[in-house]
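Each remark here refers to the structure printed beneath this line.
Derivation of every value follows stated rules applied to the coordinates shown; laboratory data play no part. Just so it is clear, the structure is predicted and the values come from calculations on it, not from any experiment. In this analysis, Cβ positions are derived from the backbone assuming ideal geometry, glycine residues included, and neighbour counts consider all displayed protein chains.
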Amino acid sequence: MSSKYEWNLEEIFENKEDFNNMEESLKKDLEKINSYQGKLCNSSDNLYNCYKIYEQALEKYEKLYGYGMLYYNLDMSNQEGIKLYKEVESLGTEFGTKTSFIEPEITYSENGIIEKYLNEDKKLLRYKRDILDILKEKEHILSKEEENLLANYSEIFSSPENTFEILTNAEFEFGKLKDENEKEQELTESNYTIYLKSKNENVRKQAFNLMYDKYSKFINTISELYLSNVKMTSVTAKLRKYKSSLDMATKNDDASIKVYDELIKAIDKGLEVNHKFINLKKKLLKKEDFHMYDLYVNPFEEEKDEITYEEARKEVENALSVMGKEYTDKLKEAFDNNWVDVYAKANKKSGAYSMGIYNVHPFVLLNFVNSKRDVSTIAHELGHSMHSYYSSSNQTIIDANYTIMVAEVASTVNELLLSNYQIKNEKDKVKKAELLYELLEMIRATLFRQAMFAEFEKTVHEKIENGNTLSSENLNSIYYDLNKKYFGNNMIVDEKIKYEWARIPHFYSDFYVYKYATGISCAINIANNILGQGETFIKKYIEMLKQGCSKKSIELLKMVDIDLEKEDVYKSAIDFYNEKIKELEKLI
């Protein structure tokens, strides 16, 4: 396969010797940082010099970790890659351990001394935001000894997620199904959604059953992994004196429990709009019994769901040209200069992501299988990449790493702009209906489906924190009941869907998924303003992307006229969903 479709990891390190040299350099930096332990706050010079070394160490670590993770993700069965990833994970533990004294020493410094340093020493302005954030979190910072202890356990804490990933990515074999042409095909996580979108009901049903038969056999093991992760998070939240694991997660996102609750409340009020779309799906497919495995079929799709990568690229570039020359020139650079590892391969990590590496560039992992759905994935991941580019170009490495709360806005804005472009430029009525249907399905999957995941997580964490003992049966039951609630009475909620929660890797990043739902709610508002107001609003939006984490997420979004703690932003997203349902009904 041509190298133009693959990452060039030599942009990070030309060879293993360069990797080893930087690792050695980082370890020396960590020793220098550690030498300030016990005297960090004795003077403003000590505080500045420690932070200066910390900043350069962080950049080195990001390159080392990024290289190890990217190399491993290309082939998760490769022993060299596994070893390298374990090496950078251990390095992360060492990094955390050697720097763990910084927060507690700032937190428990002599009253007012840090503020005095910040006011008098201009050199510290570079690190002011981070230092003030530490002081604000004083009640959640433990003693130096306790922080050091937790840092040493960080590698162990990631064990449930790592085990889950190895089990499901490298060791699961789902078996074979017969496709539309009666040819045997191997089912994988990467091609599962393709078969679920097949017009042939038997193909869809085979894929659904094969997938969940496998998960049902391992449901007790996966339940134990997931519950261990939940308990670990809950214990950490308690140790750090948060009200709950949800309180800890939302505060770390620069959000709040109110944001989470307002989202769930608004979605609950708008469920009949989702039921309305489910009922329309059922009518369009002309099915008396509408099953979970029928959910992803686009009834307007007439030709085979295929597109080349070059065609997909052109579509993304055209759709995002509305963002202006600077934005689109950087997109072209991403496509032309190996930012993207394109095609699905054996043992490659499933799914897609964008990973920014400071002073290099973002790296995008795709599993492109020539599906039209992949076009949206490309736009989505490049939204993350452009966000990383803008924040890294305008902030220090300490302030460049924006929260996921804001990241999912940038990615989803790109998806919506792509969808608008495709629908607007399509002349064929049936094809336009197909695209409208895809937009509605994207909103359903990102807003309502992710909100359902968020409600599942909230329920499980609350039960654990209230002292309940949960089993795989309890988790299955909670998830099954939520499906019934979200899909309504006109759908057969198949028994095997109760195992679907066990497939969701994001559940190992506690309270991650709600940010997809808040993200699309914000993105709908932003995309509409980009299309309606043009350059004036685009400047405001890009200025927000440049901020990294130099401002709190809620405050950042206020730069583009969005308040996440108010129900209005979610209601307007549901109203947009409802309008598009009506538009599709009118078109057909």
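If I fit a long axis through the Cα atoms of helix 325-336 and take the longest principal axis of the Cα atoms of the chain, what angle between them do I get, 0 to 90°, rounded to 10? So the inclination is approximately 80 degrees. Relative contact order, whole percent, for region 3-157 stands at 25, derived from Cα pairs under 8 Å and 6 or more residues apart.
Ranking LEU124, ASN15, LEU64 by Cα position along the charge dipole of region 3-157, where only Lys, Arg, Asp and Glu carry charges on their C-beta atoms, puts LEU124 farthest toward the positive end. Across the chain, C-alpha contacts under 8 Å between residues 6 or more apart give a mean separation that, scaled by the residue count, equals a relative contact order of 17 percent. Using the empirical formula 2.2 N^0.38 Å as the baseline, the Cα radius of gyration of region 252-324 reaches a ratio of 1.69. Could you work out the local net charge near SER393, counting Lys and Arg as +1, Asp and Glu as -1, over the other residues with Cβ closer than 13 Å to its Cβ? Summing Lys/Arg as +1 and Asp/Glu as -1 gives -2. Counting charges near GLU14 (Lys, Arg +1; Asp, Glu -1) among other residues having Cβ under 15 Å from its Cβ returns a value of -3.
Using the Cβ of GLU155 as centre and a radius below 13 Å, the other residues enclosed give a net charge of -3, where K and R count +1 and D and E count -1. Its Kirkwood hydrodynamic radius, worked out from the mean inverse distance over all distinct Cα pairs, puts region 188-272 at 16.5 Å.
Counting only DSSP beta bridges whose two residues both lie in the chain, roughly 65 percent are antiparallel. The loop-placed GluC sites (Glu not before Pro) in region 49-152, going by DSSP, that have at most 15 neighbouring Cβ atoms within 10 Å of their Cβ come out as GLU110, GLU137. Calculated from the alpha-carbon coordinates, region 3-157 shows an Rg and a Dmax of 17.9, 57 Å respectively. Rg then Dmax, both in Å and based on the Cα atoms of region 195-327: 21.8, 56. Cα-based values for the chain, radius of gyration first and Dmax second, are 24.2, 76 Å. Counting beta carbons within 10 Å around each of LYS28, LYS60 and listing the fewest first gives the order LYS28, LYS60.
Specify the angular offset, from 0 to 90 degrees and rounded to the nearest 10, of the alpha carbon long axis of helix 514-533 from the longest principal axis of the alpha carbons in the chain. Relative to the chain, helix 514-533 is tipped by roughly 80 degrees.
Expressed per residue, the C-alpha convex hull volume of region 289-377 stands at 151 Å³. When each of the peptides 475-484, 148-157, 546-555, 378-387 is scored by the mean number of other C-beta atoms lying within 10 Å of its residues, the order from highest to lowest reads 378-387, 546-555, 475-484, 148-157. Ordered by the number of other Cβ atoms lying within 10 Å of each residue's own Cβ, fewest first, THR221, THR446 fall into the sequence THR221, THR446.
Remark: SER43, SER256 ranked as SER43, SER256, counting other beta-carbon atoms within 10 Å and listing the fewest first. Straight-distance candidates among the lysines for linking to LYS231, with alpha-carbon spacing under 22 Å and chain neighbours fewer than 8 residues away dropped: LYS241, LYS243, LYS251, LYS458, LYS463, LYS498, LYS515. Summed over all non-identical Cα pairs, the Kirkwood treatment of region 67-131 gives a radius of 14.8 Å. Helix 79-99 and the longest principal axis of the Cα set of the chain meet at an angle near 50°.
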